[in-house]
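Here's the structure we're looking at; comments come further down.
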Amino acid sequence: MKASTWCATLALALAVSVTSLASAATPATVAIKDIKVPNNVTLLAGSQKALFTDSQDFKQFLLDKGVLSADVYQLRYKVDNVFSYGLVADVRFGEQGLRNLGIDSKMPVISLKKKQATPSSLPELAAVINAGGMNTVQTYRVVEPLTVQKNGTYVGTLRFDNPVGDVIYSETLHIVLYDNVYFGPSARIIALNSADDDTLWPLVNGFAKVIK
């Protein structure tokens, strides 16, 4: 076997070993782009604004608050000439993002050596959000507290009300907290206009699937 071929084979074997060790500790997750888009809904990657971010770019707003990274997509629902909009995002908090919420947590360590299990920060993160700990970012109220599910994720619903003059604009956030195998505590957020929530949520709740 040529040296270059042997090296490539070894590199592949090491990559598979690392991935296998990481996956053994944390379930693999489903990326937003890999989820089947329902009928009459379009998924568009790119810059999006939301009430939650005070009408600023969603991704940049969160990065400015210290999160590690985020993938953001616009949801566009169209039937005949009627349009409704929302967004879906994966937010990876990172150490700094969690520290800004008062949570001391470390990023996962991927190693070929036997990995010592580290306790998840999800219970603490869920408790902080349920107690209004993110109100320093934007004021919200808890509609359904984040509660643990059989697969280890935490699921709940928040609502943001933004009064403009005599009109109140509202946004409902469906949230799934989960541990990303590489980045640690993360959140899948599906944000919808509250007036459209009853119609859209049954159609787009498949985007809340984060575990394979």
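Quick rundown of the values:
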read-out: Selection count where residues are β-branched (Val, Ile, Thr), modelled with pLDDT of 85 or more and open to solvent by 60 Å² or more (accessible area, probe 1.4 Å), scope the stretch 108-154; value: 3
read-out: Number of the condition not met by Gln96 [criteria: (1) open to solvent by 40 Å² or more (accessible area, probe 1.4 Å); (2) at pLDDT 90 or above; (3) farther than 18 Å from Tyr182 by Cβ; (4) not in a loop (DSSP other than H, G, I, E, B)]; value: (3)
read-out: Arg188 vs. criteria surrounded by 22 or more Cβ atoms within 10 Å (Cβ to Cβ), of a type outside the set (Phe, Trp, Tyr) and more than 19 Å from Ser84 (Cβ to Cβ); value: yes
read-out: Condition check for Thr157: open to solvent by less than 50 Å² (accessible area, probe 1.4 Å), of a type outside the set (Phe, Trp, Tyr) and touching a helix residue (DSSP H, G or I) at 6+ places or on another chain (Cβ under 7 Å); value: no
read-out: Residue within the stretch 68-83 that is under 15 Å from the mean Cα position of the chain (by Cα) and more than 23 Å from Val41 (Cβ to Cβ) present; value: yes
read-out: Hits in the stretch 60-72 (condition: open to solvent by 40 Å² or more (accessible area, probe 1.4 Å) and under 11 Å from Val88 (Cα atoms)); value: Asp71
read-out: The lone exception for Leu44 - which of (1) open to solvent by 40 Å² or more (accessible area, probe 1.4 Å); (2) in a loop (DSSP other than H, G, I, E, B); (3) closer than 30 Å to Leu101 by Cβ it fails; value: (2)
read-out: Cβ pairs under 7 Å, 6+ apart, first in the stretch 19-45 and within 18 Å of Asn151 (Cα to Cα) and among the small types (Gly, Ala, Ser), second open to solvent by less than 40 Å² (accessible area, probe 1.4 Å) and modelled with pLDDT of 85 or more; value: Ala22/Val181; Ser23/Val181; Ala28/Val181
read-out: The stretch 136-183, residues that are of a type in the set (S, T, N, Q) and either closer than 30 Å to Pro27 by Cα or part of a strand (DSSP E or B) (or both); value: Thr147, Gln149, Asn151, Thr153, Thr157, Asn162, Ser170, Thr172, Asn180
read-out: Any pair with Cβ under 9 angstrom, 6 or more apart, that starts in the stretch 98-117 at a residue that is on the phi > 0 side of the Ramachandran plot and ends at one that is surrounded by 13 or more Cβ atoms within 10 Å (Cβ to Cβ) and modelled with pLDDT of 70 or more; value: Gly102/Glu124; Gly102/Val128; Gly102/Gly133
read-out: Members of the stretch 27-47 that are farther than 15 Å from Arg188 by Cβ and among the polar types (S, T, N, Q); value: Asn39, Asn40, Thr42, Ser47
read-out: Checklist (1) assigned to a helix (DSSP H, G or I); (2) open to solvent by less than 10 Å² (accessible area, probe 1.4 Å); (3) at pLDDT 95 or above applied to Gly206, failing item; value: (2)
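The values are calculated or read from the model by the stated rules, or taken from the named source; none is laboratory data. The structure displayed is predicted, hence computed values, not measured ones. Cβ sites come from the backbone with ideal geometry, for glycine too, and all protein chains shown count toward neighbours. Quick note on the areas: whole protein, heavy atoms, side chains included, nothing else; ligands and nucleic acids left out. Shrake-Rupley method; radii C 1.70, N 1.55, O 1.52, S 1.80 Å.
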